[in-house]
1. So B:L121 passes all but one of these: (1) touching a helix residue (DSSP H, G or I) at 6+ places or on another chain (Cβ under 6 Å); (2) under 30 Å from A:D92 (Cβ atoms). Which condition number does it fail?
2. So which of B:G131, B:G105, B:G83 is surrounded by fewer than 19 Cβ atoms within 10 Å (Cβ to Cβ) and either touching a residue at least 60 places away in the same chain (Cβ under 8 Å) or not basic (K, R) (or both)?
3. Take the residues in region B:112-125 that are outside any loop (DSSP other than H, G, I, E, B) and open to solvent by less than 30 Å² (accessible area, probe 1.4 Å), then tell me which one is farthest from A:L30 (Cα to Cα).
4. Quick test for you: out of B:R28, B:R13, pick the one residue that is modelled with pLDDT under 95 and either among the polar types (S, T, N, Q) or within 25 Å of B:R80 (Cβ to Cβ) (or both).
5. Of everything in region A:99-131, what is within 14 Å of the chain's Cα centre (by Cα) and facing chain B (nearest Cβ under 10 Å)? Give them in sequence order.
6. What do you reckon, is A:G105 out of contact with any Ser or Thr (no Cβ under 9 Å at 6 or more places or on another chain) and of a type outside the set (V, I, T)?
7. Does region A:47-74 hold any residues that are open to solvent by 30 Å² or more (accessible area, probe 1.4 Å) and either charged (D, E, K, R) or over 19 Å from A:A88 (Cβ atoms) (or both), and which are they?
8. What is the number of the single condition among (1) more than 12 Å from chain B (Cβ to nearest Cβ); (2) modelled with pLDDT under 95 that A:G68 does not meet?
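The values are calculated or read from the model by the stated rules, or taken from the named source; none is laboratory data. Just so we're clear, the structure is a prediction, and the values are computed from it rather than from any experiment. Positions of Cβ are backbone-derived with ideal geometry, glycine not excepted, and every protein chain shown enters the neighbour counts. Remember, those area values only see protein heavy atoms, side chains included, never the ligands or the DNA or RNA. Shrake-Rupley method; radii C 1.70, N 1.55, O 1.52, S 1.80 Å.
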Protein chains: 2
Amino acid sequence: MSKQCEPSVKGARIDHLGIAVESITTARGLYEALGLRVTHEETVEHEGVRTAMIPLGESRVELLEPLGPDTTVGRFLSKRGAGLHHVALHVDDIQEAWAELQGRGVSIVSPAVQTGAGGHLYFFVHPKSAGGVLLEICQDPV
Amino acid sequence: MSKQCEPSVKGARIDHLGIAVESITTARGLYEALGLRVTHEETVEHEGVRTAMIPLGESRVELLEPLGPDTTVGRFLSKRGAGLHHVALHVDDIQEAWAELQGRGVSIVSPAVQTGAGGHLYFFVHPKSAGGVLLEICQDPV
């Protein structure tokens, strides 16, 4: 069976939704009202952001609060206001996803597959190739 | 055990991401490059929209293409451009979710829990109460 006939890429699921907010303290209230919980909070100094993770089925919501106005998320808030910053899709084979998208002329923001905290692999697709959404493709550490 | 101690609301997961696009034909290409497939397309005349559903793990992406400029999605595109229109969270008990959110003063757009196609139940939370995201809470037909 050719690749074209396969029903779905292996391991594809929504990994997380990154939502830019002015205040995690305020924004978490809605999710807590629904019985959901912040299970982890972390300040990532080099990215200028504080994050709060809320598991939600096989996915999670990540609230992103900027550490100051001159950060990626701070500039996003100034320009667009609070809202969805990015959608992350999990796949089992990120190198295959990279090759497929490159081959189809999809606009990729990252210069290559990146390695993040804990060996997590990721790259970003430009919103112009993804229906106006900044799309992260990610894979678990190998 | 009190409700406050429960780890998560029953059945909570991301049901779908509604993404407003100028053209489903163009937008679906990215997902197809990742091996994902449009499994259902539908024109909903009374909402002025054409939809394409792309299953993704326990969730799905719904591409929303307006039938004309003077529709909900058409006005969204004119004002904001392509991008995430709403996030839908599935819960097992929508009446409980409605009561919890009402009790905490969350701003709800819908006048009551609504019944949609096929008996699907839903209501919308205002973006000002949900980190700038238009949030749909939904439940399967009873």
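1. The failed condition is (2).
2. Step by step, each of B:G131, B:G105, B:G83 is checked, and only B:G105 is surrounded by fewer than 19 Cβ atoms within 10 Å (Cβ to Cβ) and either touching a residue at least 60 places away in the same chain (Cβ under 8 Å) or not basic (K, R) (or both).
3. Once the filter is applied, the top-ranked residue is B:G119.
4. Result: B:R28 is the single residue among B:R28, B:R13 that is modelled with pLDDT under 95 and either among the polar types (S, T, N, Q) or within 25 Å of B:R80 (Cβ to Cβ) (or both).
5. A:V125, A:P127, A:A130
6. no
7. Residues satisfying the conditions are A:E47, A:R50, A:E58, A:R60, A:E65, A:L67, A:P69, A:D70.
8. Status for A:G68: all satisfied but (2).
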